[in-house]
Each structure stands twice: as C-alpha cells, then as structure tokens.
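For reference, the structure discussed in these notes is given below.
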Amino acid sequence: LFNDERRKAMERLMSDRINQFASAYNDLFENNRQLMDFHADINVHVPDEFKIAARYVFERQLGSLFTDMQIASDYAKMVRVFNEAAKWAIPLKPKALQKNLAAYMEYHLDRLCADGAGPSANMVMECLKYAKANNIEIDIRKMQNVLYPHYKAFIDPTHPEHIHTASTKEFKEIFESFDFLMPPADPARPV
C-alpha cells in the first residue's frame, strides 16, 4: 500500500480508539471543571494534569468550530473557550490557532462585507482580540484589503454604499479593530 492508503486505513482502524480517548478527556475535564474554577478563583496553580485534559477538549472544540465556519451561533462557545483557557492559564497551540483563526476571520469578514452580518463581525473581532491578547501573529493585510472598499464607502458620504456601511454599527467596530483611521465624529452623521 502507498503511504496515503496506509494512513487512511490506520485512521479507519483507530477512529474508535481515538473517540474513546476523546471521551475520556472530555469526562475528566467536565468532572473537574468546578475544581479548576476553584483553583483559579483562589489564585492557586491549576494542576497540569487538569490542564492537559482541558487543552485537549478546548482544541477539539475550536477545531470543530473552525471546520464548520458557517455556525455563527458558536460565537458564545468560542468566547467561553478563549476565556476559560485564559482563566486557567492553558496555552493553546499557537501555530494551529494562527492558521485556523485567519481562515475563520477571512470567512466571517467576507460574510460581513457581503450582507452586513452582525454575528460575523463579532466573530472576527473576538478572534482578533484573542490573537492580540495571546501574541498570535495573524497576517491581516488580506482582510484589510477586503475591508478597504467598505471603509472608503464608510468615510465618503458621496459613495453609493455610504448609507449601508455608515448605518451598520459592526462596520465601524470592525474598522476600529483593524486599525483603520476613523474620521472625527460628525453629530449629523448616523453611526
């Protein structure tokens, strides 16, 4: 068998075992979540054994979230994972996060620009905030290029799309998140 065929055969053979491990880590994590909270609340180091299970669970949750990019309702789940990982000082894999966050942000940014989807803006801003807080370098140039025509419409009252971008509060927030220079506030302008 070729390497690729061997890999696929092993994946099929191992999938039950992997699911057993995943279930065991999830059970360990869920059964000790309150204890981890207690440790964090009294500023006591969360044991590494607990962190291992939590990291595994968090990375699987984020992996499934980043794989199915269309589920905007998972915003709360993503925020919870980011917040709990920070609270318990659990470092997530930065290289995997860097790639996945960028792809996820690009997808939701495209949705925002296509139809002004507010939840997509929240997803992008939360990812960007997490990346900045955890020193995960994300190349945002491509995203800024996607945003630029909307930014031009936002700042130019004569642009045909100005009313749409200026009346969508998520655009203003996303422009600020991506460090676009914002015009001074105009009391006659709806924002």
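The values are calculated or read from the model by the stated rules, or taken from the named source; none is laboratory data. Everything numeric in this text was worked out from a predicted model, so none of it was measured. Virtual Cβ from ideal backbone geometry, glycine too; neighbours counted across all protein chains shown. Note: accessible area is taken over every heavy atom of the protein model, side chains too, but ligands, DNA and RNA are not part of it. Shrake-Rupley method; radii C 1.70, N 1.55, O 1.52, S 1.80 Å.
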Return yes when residue 79 is in a loop (DSSP other than H, G, I, E, B), in contact (Cβ under 8 Å) with a residue 40 or more places away in the chain and in contact with a helix residue (DSSP H, G or I) (Cβ under 7 Å, 6 or more places away or on another chain) and no when it is not.
no
Of 100, 26, which residue is at pLDDT 85 or above and either assigned to a helix (DSSP H, G or I) or not hydrophobic (A, V, I, L, M, F, W, C) (or both)?
26
Count, please, the residues in region 25-35 that happen to be under 17 Å from residue 80 (Cβ atoms) and either out of contact with any helix residue (DSSP H, G or I) (no Cβ under 9 Å at 6 or more places or on another chain) or open to solvent by 80 Å² or more (accessible area, probe 1.4 Å) (or both).
2
Restricting the first residue to region 172-191 and requiring it to be modelled with pLDDT of 80 or more, which pairs with a second residue that is in a helix (DSSP H, G or I) and open to solvent by 50 Å² or more (accessible area, probe 1.4 Å) meet a Cβ separation below 6 Å and a spacing of at least six or different chains?
178/144
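Conditions (1) over 16 Å from residue 132 (Cα atoms); (2) in contact with a Pro (Cβ under 7 Å, 6 or more places away or on another chain); (3) open to solvent by 30 Å² or more (accessible area, probe 1.4 Å), marked per residue:
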{"residue": "37", "(1), (2), (3)": "yes, no, yes"}
{"residue": "50", "(1), (2), (3)": "yes, no, yes"}
{"residue": "54", "(1), (2), (3)": "yes, no, no"}
{"residue": "57", "(1), (2), (3)": "yes, no, no"}
{"residue": "76", "(1), (2), (3)": "yes, no, yes"}
{"residue": "93", "(1), (2), (3)": "no, no, yes"}
{"residue": "99", "(1), (2), (3)": "no, no, yes"}
If you scan region 125-163, which residues turn out to be farther than 21 Å from residue 93 by Cβ and open to solvent by less than 30 Å² (accessible area, probe 1.4 Å)?
143, 147, 151, 153, 154, 162
